[in-house]
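The values are calculated or read from the model by the stated rules, or taken from the named source; none is laboratory data. Given the structure is predicted, the values throughout are model-derived calculations rather than measurements. Please note: Cβ atoms are built from the backbone with ideal geometry, for glycine as well, and neighbour counts cover all protein chains shown. Accessible surface areas use protein heavy atoms only, side chains included; no ligands, DNA or RNA. Shrake-Rupley method; radii C 1.70, N 1.55, O 1.52, S 1.80 Å.
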Amino acid sequence: MISFSPLLNILSRDIRNECKSIVRDFGEIEKLQSSITDINNYVDKTEQNIENKIIVILNKIKPNLEIKNENECNQENCWLVDFIDNRLNFSRANENFLICISLKEKNEIQASFFFNPIKDEFYFFQKGLGSYRNDERIRVSNRKKIVESVVNVFKKINESDDYDGIVFLKSKLSENMVTQRESGSVFLDLCNMASGKSDCCVFVNPSKKLKSISNLITNESGGMLENVKYKDSEIYLAGNKYIEKLVKEMLEINS
């Protein structure tokens, strides 16, 4: 029988209970997709409601820690939160979004919790304690053949500093007939990789926060995290050791 950490027990229970209203709001957003009514105000209110509830929960767990949602946070101890990591997906009633909560202590990410309220599915990674989806342990896939693999590619939203790297990356994957997927949520891509639903997750010029979180995810799920330089960009690859190595070699030959 798996024994969960106290942090996971609290987050999974409280976040799931408090965020049930999101499912109702998501249903309303879905109905409004074909309406001429501007839904941005409704999405704003829903997002603010989520933010308020999560802040209350985190303040109960560790009242002395500040809650930050910046990509570059220099504080040694804090919560790092994306209340909805892809607002566009959420506003279009696309379920590819996550509530993302990471605990940073002594200048290192100690735990990360990701929750999709629409699927009622959470992922949890804690340093030294492994990786979980709901109440089960997870691990990266064991795929070894590139023709059987799935690679998730993440393009930053509303930013262009990864454009050259993404164009180069996608062209090389296409030339080698590699199956690609884009969800719009890099954390969902990483969780899918960690649970074996895909074999590699690729992103370019990540923030310090993303590098730290992806390092925790790969370490705890048995994967690898490496990078390849291309012009002024750094292409990061997180995946199982076989497919990650094949994709890295594919890029290094051409970079």
**Request:** Mind jotting down the distance between the C-alpha centroids of the range 154-191 and the range 195-215, whole Å?
**Result:** 11
**Message:** Give me the 1.4 Å probe accessible area per residue for the range 120-254, excluding ligands and nucleic acids, in Å².
**Reply:** 45
**Fill in**
Whole-Å distance linking the alpha carbon centroid of the range 87-103 with that of the range 24-82 is 10
**Message:** Translational diffusion coefficient of the range 164-240 at 20 °C, 1.002 mPa s, Stokes-Einstein with Kirkwood Rh over Cα pairs, in µm²/s as a whole number.
**Reply:** 169
**Request:** List the residues whose amide H sits under 5 Å from the amide H of Glu234, counting only those 5 or more places along or on another chain, with H placed 1.01 Å from N in the peptide plane.
**Result:** Asn205
**Complete:** Calc'd 3J(HN,Hα), the range 30-36, phi into Karplus 6.51 cos²θ - 1.76 cosθ + 1.60 (θ = phi - 60°), Hz, glycine/Pro = x, comes to 4, 5, 8, 4, 9, 8, 7
**Message:** What is the angle, in °, between the Cα long axis of helix 208-221 and the longest principal axis of the Cα atoms in the chain? Nearest 10 is fine, range 0 to 90.
**Reply:** 80
**Item:** Under-5 Å amide H pairs with Cys200, H placed in peptide plane, nonlocal only
**Value:** Val150, Asn152
**Asked** At q = 0.10, 0.16, 0.18 Å⁻¹, what log₁₀ I(q)/I(0) does a Debye calculation on the Cα points of the range 1-157 give, no solvent, two decimals?
**Response** -0.42, -1.01, -1.20
**Asked** If eta is 0.692 mPa s and T is 37 °C, what Stokes-Einstein diffusion coefficient results for the range 60-127, Kirkwood Rh from Cα pairs, in µm²/s?
**Response** 256
**Message:** What is the percent carbon and sulfur in the accessible area of the chain, measuring with a 1.4 Å probe over the protein chains and ignoring ligands?
**Reply:** 44
**Prompt:** Hey, can you rank 135-146, 209-220 by average C-beta count inside 10 Å, highest first?
**Reply:** 209-220, 135-146
**Prompt:** So what's the angle, to the nearest 10 degrees on a 0 to 90 scale, between helix 6-18 and the longest Cα principal axis of the chain?
**Reply:** 60
**Message:** Can you give me the long-range amide H partners of Ser185? Hydrogens built in the peptide plane at 1.01 Å from N, cutoff under 5 Å, separation of 5 or more residues or another chain.
**Reply:** none
